[in-house]
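Structure first, then comments.
The values are calculated or read from the model by the stated rules, or taken from the named source; none is laboratory data. Predicted model only: the values in this text are computed from it and were never measured. Heads up, the Cβs are rebuilt from the backbone with ideal geometry, glycines too, and the neighbour counts pull from every protein chain shown.
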């Protein structure tokens, strides 16, 4: 079952043409993104806008993004987090709750759970009975995923593979297929992982084009580069250095 059917990008209302992310062609030329499968992947080079759009979708869908104290920046961008104001979300069955995951902000959430546990013991039972801070980063992520994604909702994930071993990525892949197959969870994921991209029946959108483009798994750079490397690592290293 799909909860979020479509996101429209209102490019004619963008406040600027010269600043990130509003200057990106893919966000200026793409009118809408349709979600036709329970798992959708965003792929593209760094700076292509996939993570920024993912965050904007979360904000447009009223999904809270946990964050800590932000560092002072020499040249702050006043437009960086305003993309959500120029999106429209179309739902299949009305708005539903969900969550936004990023390994960068996960530790802030884990620390909050630790504080809740100190004030009201039993909170960590939800995560397998172990503190998220005492497990390895990868273990704590899998504990979170296994508990959270049992619940009906819309789940947005920004590069969840960052702290996961290949074996743990396979576990997450299995979890995605299992939870989405039950019909209550929908996932939108920005990733560089060829393991996660192998999710059966998933839709893959590439941000490396003027218009957002749906591509097949074997067409992704992730698949092609890893495949070429495994077949002949020396040749690929020579080609990349030239």
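Does region 204-212 include one or more residues that are in contact (Cβ under 8 Å) with a residue 24 or more places away in the chain, closer than 16 Å to residue 103 by Cα and touching a strand residue (DSSP E or B) at 6+ places or on another chain (Cβ under 8 Å)? The answer is no; no qualifying residue exists. Touching a strand residue (DSSP E or B) at 6+ places or on another chain (Cβ under 9 Å) and part of a strand (DSSP E or B): is that true of residue 65 in this structure? The answer is no for residue 65. Residue 185 passes every criterion in (1) over 17 Å from residue 45 (Cα atoms); (2) surrounded by fewer than 18 Cβ atoms within 10 Å (Cβ to Cβ); (3) within 17 Å of the chain's Cα centre (by Cα) apart from (2). Among the residues making up region 196-221, those that are surrounded by fewer than 19 Cβ atoms within 10 Å (Cβ to Cβ) and in a loop (DSSP other than H, G, I, E, B) are 200, 201, 208, 209, 210, 211, 216. Only one of 73, 60 is touching a helix residue (DSSP H, G or I) at 6+ places or on another chain (Cβ under 6 Å) and either farther than 30 Å from residue 221 by Cα or modelled with pLDDT of 95 or more (or both); which? After applying the criteria, what remains is 60. The criterion of being in contact (Cβ under 8 Å) with a residue 12 or more places away in the chain, exposed (fewer than 14 other Cβ atoms within 10 Å of the Cβ) and touching a helix residue (DSSP H, G or I) at 6+ places or on another chain (Cβ under 7 Å) does not hold for residue 191. Would you pick out the residues in region 8-47 that are touching a residue at least 60 places away in the same chain (Cβ under 8 Å), touching a helix residue (DSSP H, G or I) at 6+ places or on another chain (Cβ under 7 Å) and either within 16 Å of residue 208 (Cβ to Cβ) or surrounded by 14 or more Cβ atoms within 10 Å (Cβ to Cβ) (or both)? Listed by number, the residues that qualify are 9, 11, 14, 21, 38, 39, 41, 42, 43, 44. Residues of region 157-176 include none that is crowded, with 16+ Cβ neighbours inside 10 Å, modelled with pLDDT under 90, within 25 Å of residue 59 (Cα to Cα) and over 15 Å from the mean Cα position of the chain (by Cα). Would you call residue 240 in a helix (DSSP H, G or I), touching a strand residue (DSSP E or B) at 6+ places or on another chain (Cβ under 7 Å) and modelled with pLDDT under 90? In short, no.
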